[in-house]
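> Sharing a structure, written as structure tokens. Questions coming.
The values are calculated or read from the model by the stated rules, or taken from the named source; none is laboratory data. Please read all numbers here as calculations on a predicted model, not as lab measurements. Heads up, the Cβs are rebuilt from the backbone with ideal geometry, glycines too, and the neighbour counts pull from every protein chain shown. Surface areas here come from the heavy atoms of the whole protein model, side chains and all, with no ligands, DNA or RNA. Shrake-Rupley method; radii C 1.70, N 1.55, O 1.52, S 1.80 Å.
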Amino acid sequence: VPLESAQEDARGKQFNPPPSDRGSLYVYRQGLMGAPVTLPVTIASLPETSLAPDTWVWLEGAPAAIDVRCTGTDGSAALTANVGPGETRFVEVAFLPGLMGSRCAVTEVAERQGRAAGLAGNRAVGP
């Protein structure tokens, strides 16, 4: 998975609140489960990106209901994160073993958990 520069990684790890007319969304994958497998992720119908273990992407834009979808060889999962003005939301994409390949799960998590994952991971090139 291609990673952002060290400067962009550090900027995202500051978790600065967005301006009052914008919202932020962090989407991350954590842990070693399925380490050799990258998970394709689509966020808000933007071009697909992939997440490896301990990587994340960050988007900032107009407040919206943002669809996050991951795809495994044995199935996909989706979630809509409602990002309001001045808010930051965190979504975890997780690898799950499937019968013949991989599945995935998408879950909105508490800010504390999302920040910890971001600090422990690396910022991937995202949409």
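> How high is the relative contact order of the range 10-127, given as a whole-number percent (alpha carbon pairs under 8 Å, six or more residues apart)? If you can, show how the numbers build up before the last one.
Values: 301 pairs, mean separation 37.6, N = 118.
Reported as a whole number, the value is 32 percent.
> Have a look at Val27, Val57, Val37 and tell me which one the Gaussian network model of the chain (Cα, springs below 10 Å) gives the largest fluctuation.
Val37
> Take the alpha carbon gyration tensor of the range 7-79, find the square roots of its eigenvalues, order them as a ≥ b ≥ c, and report rounded if a/c is under 1.5; if not, report prolate when a/b exceeds b/c, else oblate.
It comes out oblate by the Cα gyration axes.
> Find the centroid of the Cα atoms in the range 1-69 and in the range 73-87, then give the distance between the two in whole Å.
Computed from Cα coordinates, the inter-centre distance equals 11 Å.
> So, one more: At 0.36 nm per residue, and after removing the present C-alpha to C-alpha distance, how many nm does the segment from Val1 to Thr80 gain when stretched out fully? The partial results should precede the final answer.
Values: separation 79, 0.36 × 79 = 28.44 nm, distance 2.42 nm.
That pair, Val1 and Thr80, stretches by 26.0 nm at full extension.
> Counting only other residues whose beta carbon sits under 13 Å from that of Asn82, what net charge do I get with K and R as +1, D and E as -1? Each step should come with its number before you reach the end.
Values: positive: Arg89; negative: Asp67, Glu87, Glu108.
Computed value for this residue: -2.
> As a test of the formula, what do you get for the chain when each DSSP H run with n ≥ 4 contributes -39,500 (n - 2.57) and the sum is divided by the residue count, at 222 nm and rounded to the nearest 500 deg cm²/dmol?
Estimated from H runs of four or more residues: -3500 deg cm²/dmol.
> Which value, in debye to the nearest 20, gives the size of the charge dipole of the range 29-127 about its Cα centre, when Lys and Arg are +1 and Asp and Glu are -1 at the Cβ?
Working: 7 positive and 9 negative charges, 30 e Å.
I would put it at about 140 debye.
> With 13 Å as the cut-off, how large is the P(r) tail for the range 16-56, expressed as percent of Cα-Cα pairs?
Numbers: 490 of 820 pairs.
Cα-Cα pairs of the range 16-56 separated by over 13 Å account for 60 percent.
> Starting from the Kirkwood Rh over alpha-carbon pairs, what translational D in µm² s⁻¹ does the chain have by Stokes-Einstein at 10 °C and 1.306 mPa s?
110
> In nm, what is the difference between 0.36 nm times the number of residues separating Ala64 and Leu46 and their Cα-Cα distance? Let's see the in-between values first.
Values: separation 18, 0.36 × 18 = 6.48 nm, distance 1.39 nm.
Difference between extended and current length: 5.1 nm.
> Considering only protein heavy atoms, what per residue accessible area in square angstrom results for the chain with a 1.4 angstrom probe? Before the final figure, lay out the partial values.
Numbers: 6500 Å² over 127 residues.
For the chain, the solvent-accessible area averages 51 Å² per residue.
> Then there's this: Pop out the ³J(HN,Hα) list for the range 94-102 in order, Karplus 6.51 cos²θ - 1.76 cosθ + 1.60 with θ = phi - 60°, rounded to Hz; leave Gly and Pro as x.
Whole-Hz 3J(HN,Hα) from phi for the range 94-102: 10, 7, 10, x, x, 5, 10, x, 10.
> While we're here: Would you work out what percent of the accessible area of the chain, with all protein chains in place, is carbon or sulfur (probe 1.4 Å)? Don't jump to the answer; show the numbers that get you there.
On the way: 3470 of 6500 Å².
Looking at the chain in its full context, I get 53 percent from C and S.
> Of the options Tyr26, Ser76, Ala94, report the single residue whose Cα projects farthest towards the positive end of the charge dipole of the chain (beta-carbon charges: Lys, Arg +1; Asp, Glu -1).
Sorting the options by dipole projection puts first Ala94.
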